[in-house]
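Presented below is the structure to which this report refers.
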Amino acid sequence: MKSIRRELLGGLLGSVLLAAAIAGAAVYYKAQDEAGALLDYQLRQMALSLRDQALYGNGAIGPPSLGDDFDFAIEIQTRDGSRIQYSQSRVRFPENTGAGHATFNAADGAWRIYTLQQLDFSVRVAQPMSVRNELAAKAALRTLTPFILLVPLLGLLVWFAVTRGLRPLSVVADAVKARSPSSLHALDERSVPQEIRPVTSALNDLLARLTRALETQRAFIADAAHALRTPLTALRLQIQLAERASDPEERCAAFATLKQGVDRTTHLVEQLLTLARHEPEAADRPMTEIDLGELAADVVAAYAQLAEDQNIDLGLTQRDRHVVVHGERDALRTLLSNVVDNALRYTGRSGRVDVAALKTPQGPALEVTDNGPGIPPDERARVFDRFYRRPGTDVPGSGLGLAIVQRIAERHGAKVSIDSGPAGRGLTARIVFGAPD
């Protein structure tokens, strides 16, 4: 499993070790250069000392005092070719190395040599390169020893810093685990670091939406139980009446009443399911480009037969060109169908229902106008409540049609308004969508 802690620790500790390795290499090569410069100076000084003995000393030139750790090879050669050479290594010098410093390879490895030439003789002093490398390594080690000892401490400090830096994530995780369906209050963002705040903000938004969804679900269940209790009780009574019917005519009438009750209950259940499916907190569905004129024509065609059966003049009276919105086609079809169905129910026989898809200054709109009894102004806001039915109405229904219209409109960012029809008679329902992008 991927772990931010492991990645941070691995990256930081790896960086520390890499930096230590680079620093060690740099220190080693720097120490090697400095040791080389120092030992080159030492070779030159030794050659100058031997030259002074040859020029100003009394008697023959003698070899220096050789200790067990003497690591130089010395050769003094006169003009006539006689050679005085003394060293513990007994390295064989090359024939001609030229004046100054040079490096040559011998049987036992590389050597560094300094040649000092005079008129009557020359002095050559050499030293193994291994001695220089060893000296450079020891100097680098002495320099790096404190840093090497600090690497474990740096590792502990990195671990402590990473653990402390990631602690707010653990706090947020514990806070999220503490939430339950009955306790979905927002996370406290006051002490949250700036880097984690987008996560906590997104979680708080999710918790708020979950709270609204659960509240909607609880409200729907309560409303459904309340709405179904009465028709189910009525169905039970109608079944009992049908069972107690004494003659075929009475039994047929009881079964006809029972069928009407089943139809009303079925319609109520369908409306409840439609309402639940189109709640604003329901899962988002893909939005497409929809021509409202085409949608209105389809709905009018679907209700044409029902309008004809009730002797109602139903028609599409206005269809502006390119009245387009972004939305879910089935949902918008349900929206317009409920508005048209309500208009047909309440207009009455020989009435008129006009449907229009038009452009308005506020944006694309759907409009349904009827010449029915209308709704008093003081009741128009309440008709969007669930299960609300005007007192005294004898038109069958569930009181959910306009509630469904309102929910679908909210999901599409549209505004539903109800006003009086032309000449103050009837009703006009208008759904105005936001101006297109």
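Only the coordinates and a few stated rules stand behind these numbers; no lab work does. All of these numbers come straight from a predicted model, not from anything done at the bench. Note that we place each Cβ from the backbone using ideal geometry, even for glycine, and neighbour counts take in every protein chain shown.
Let me have the relative contact order for region 288-432, percent, based on Cα pairs under 8 Å that are six or more residues apart.
Dividing the mean separation by the residue count of region 288-432 yields 24 percent.
Count charges around TYR41 for me, please; just the other residues with Cβ under 15 Å from its Cβ, Lys/Arg as +1, Asp/Glu as -1.
0
Report the extension gain between THR211 and ALA381 in nm, rounded to one decimal, defined as 0.36 nm multiplied by the number of residues separating them, less their alpha carbon distance.
Here the answer is 58.6 nm.
Sorted from fewest to most neighbouring beta carbons within 10 Å, what does the list LYS177, LYS2 look like?
Going from least to most buried by this count: LYS2, LYS177.
Sorted by mean Cβ packing within 10 Å, highest first, what order do the peptides 246-252, 234-240 take?
Going from most to least packed, we get 234-240, 246-252.
At a Förster radius of 60 Å, what calculated FRET efficiency corresponds to the Cβ-Cβ distance of ILE22 and SER182, to the nearest 0.05?
Efficiency computed from Cβ-Cβ geometry: 0.55.
Excluding residues on the same chain fewer than 8 positions from LYS415, give the lysines whose Cα lies under 29 Å from its Cα.
Once the sequence-local lysines are set aside, what remains near LYS415 is LYS359.
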